[in-house]
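Trainee: Structure incoming, see below.
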Amino acid sequence: MEIIKQWIWQIILSVVLIIFILVRYRLFLLHKRQKHQLYIIVSTQEQERQRLAKDLHDDLGTSLSTLRLYIAAMSDLISTQNEDLKQIHGNALQILDTSIRNMREHLFQLNPKIVEEHGLPSAINNYMFKMSRFNKLKFNLHDSHFPEYVSPEIKINIYRIMQELVNNTIKYAEAKSISIQLMYRDKQVIFIYEDDGKGFDNEKIKGGYGLKNISTRVEMLGGTICLDTKPGYGNNVMIEIPSSNKKNHVR
Amino acid sequence: MKEDILKILVVDDEEDIQLLFRKKFKKDIQEGKFLFRFATSANAAIQYLNTLKEFDMVLVLSDIKMPGMNGIDLLKIVKTQYPHLKVMMITAYDDLKNREDATRLGALDFIAKPVNFEALRSRILQLF
């Protein structure tokens, strides 16, 4: 009787254990799939941005520039007496110029070619200059010998991460200043971001889209992220990315 | 040790010191045990301390030799304005005069450069 009881207990225990392992394995697979989906979303987003920028530039950009040439050429044909027509012409040209300027700005947001053409430090400086002008923020970039040979994938992703962090600071932090350090040490790209805003409770905000997007990008590059923030102490982020990682292929 | 996160200000003009602290204490930072803030000059450190609203920083680690105001002068100011705040000095030159001055002014400890982070970590955990 005792032996049968023991057997029953052993069987029950084994079944529970098997169920537990199966559930854990299922959760692991689910987590892996979600992570993979995030990778795909982020990398597709980047590809789509670049495709859209190219189409906009080649198609709408060219048409607008040609249109501007035609409208500008009209000015010689409008007689000086016809004030109304002159004003309409002037307005049209002004609207067209604003549209071209706006489109360039959108293109820049979609595909910051400046990262490739002038390097990451210049691109960050340029972005921060624009943002600080509109938002009364003090900004400081410290880049010590950041090498140009770091892969374009790392550079564009750091640029995107920087944009996300700056936007978060502006939206939520009420900060007075932002400081960024860009370094290259022991074949590692190191990006340190600090703001002196309100700070936040890391645990409460972990799932936020912005932070998820950032950590997905970091993971894609085989790097690590260390968030150091508390209410009242601003936000500090350190990202380390190995520059020779084979994972660095997603754009 | 209290359950609270230990908030520490590191003052050093050497740029890689900051990186070393961030790297060596990375696990503690991620686990929410330590929070580090950095200042690259004594002036910046004082300004930073003055901006803190709820003052619960517990420790300042300051280099002695810095351009502009040095660590000893910083120690004087910190001890006058925030007497409860503990201060440790980091120094590459173990100069007896500095050591005497700093001890007299209330510095808790001396940490030699290059910093032995394991020893520093244990010392901090022992203190708080």
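The values are calculated or read from the model by the stated rules, or taken from the named source; none is laboratory data. What you see is a predicted model; the values in this text were computed from it and never measured. Glycine also receives a Cβ, built like all others from the backbone with ideal geometry; neighbour counts cover every protein chain displayed.
Trainee: Here is a check on your reading of the model: is A:Thr80 outside any helix (DSSP H, G or I) and farther than 30 Å from A:Phe146 by Cα? Break it down stepwise before answering.
Mentor: On the way: outside any helix (DSSP H, G or I): yes; farther than 30 Å from A:Phe146 by Cα: yes.
The answer is yes for A:Thr80.
Trainee: While we're here: Residues to consider are A:Gly208, A:Gly222, A:Gly199, A:Gly232; find the one that is modelled with pLDDT under 90 and more than 10 Å from chain B (Cβ to nearest Cβ).
Mentor: Exactly one of A:Gly208, A:Gly222, A:Gly199, A:Gly232 is modelled with pLDDT under 90 and more than 10 Å from chain B (Cβ to nearest Cβ), namely A:Gly208.
Trainee: It is to be established whether one or more residues within the range B:54-64 are more than 17 Å from B:Val87 (Cα to Cα), out of contact with any Cys (no Cβ under 9 Å at 6 or more places or on another chain) and without any contact (Cβ under 8 Å) to a residue 24 or more places away in the chain. Give the steps one after another, and end with the answer.
Mentor: Taking the range B:54-64 and keeping what is more than 17 Å from B:Val87 (Cα to Cα), we get B:54.
With the extra rule that they be out of contact with any Cys (no Cβ under 9 Å at 6 or more places or on another chain), the set shrinks to B:54.
Okay, now just the ones that are also without any contact (Cβ under 8 Å) to a residue 24 or more places away in the chain, so B:54.
Yes, that holds for at least one residue.
Trainee: Could you check the range B:24-40 and list, in sequence order, the residues that are more than 8 Å from every other protein chain (Cβ to nearest Cβ) and either farther than 18 Å from B:Lys86 by Cα or in a helix (DSSP H, G or I) (or both)?
Mentor: B:Lys24, B:Phe25, B:Lys27, B:Asp28, B:Glu31, B:Thr40
Trainee: Moving on to the next point. Evaluate the following for A:Glu105: is it more than 14 Å from every other protein chain (Cβ to nearest Cβ), surrounded by fewer than 18 Cβ atoms within 10 Å (Cβ to Cβ), within 18 Å of the chain's Cα centre (by Cα) and not in a loop (DSSP other than H, G, I, E, B)?
Mentor: So A:Glu105 fits the description; yes.
Trainee: Residues being surrounded by 11 or more Cβ atoms within 10 Å (Cβ to Cβ), farther than 23 Å from A:Leu60 by Cα and not polar (S, T, N, Q): count how many of those fall in the range A:74-87.
Mentor: 3
Trainee: What number of residues in the range A:36-48 are in contact (Cβ under 8 Å) with a residue 24 or more places away in the chain and more than 13 Å from A:Asn213 (Cβ to Cβ)?
Mentor: Of the residues in the range A:36-48, 1 are in contact (Cβ under 8 Å) with a residue 24 or more places away in the chain and more than 13 Å from A:Asn213 (Cβ to Cβ).
Trainee: For the range B:1-23: of the residues being in a loop (DSSP other than H, G, I, E, B) and not basic (Lys, Arg), which is farthest from the other protein chains (Cβ to nearest Cβ)?
Mentor: The qualifying residue farthest from the other protein chains (Cβ to nearest Cβ) is B:Met1.
Trainee: Could you tell me whether the range A:146-156 includes any residue that is of a type in the set (A, V, I, L, M) and under 22 Å from B:Ala39 (Cα atoms)?
Mentor: The answer is no, given that none of the residues of the range A:146-156 is of a type in the set (A, V, I, L, M) and under 22 Å from B:Ala39 (Cα atoms).
Trainee: Just wondering, is there one or more residues in the range B:50-71 that are over 18 Å from B:Ala112 (Cβ atoms), assigned to a helix (DSSP H, G or I) and within 14 Å of chain A (Cβ to nearest Cβ)?
Mentor: Within the range B:50-71, one or more residues are over 18 Å from B:Ala112 (Cβ atoms), assigned to a helix (DSSP H, G or I) and within 14 Å of chain A (Cβ to nearest Cβ).
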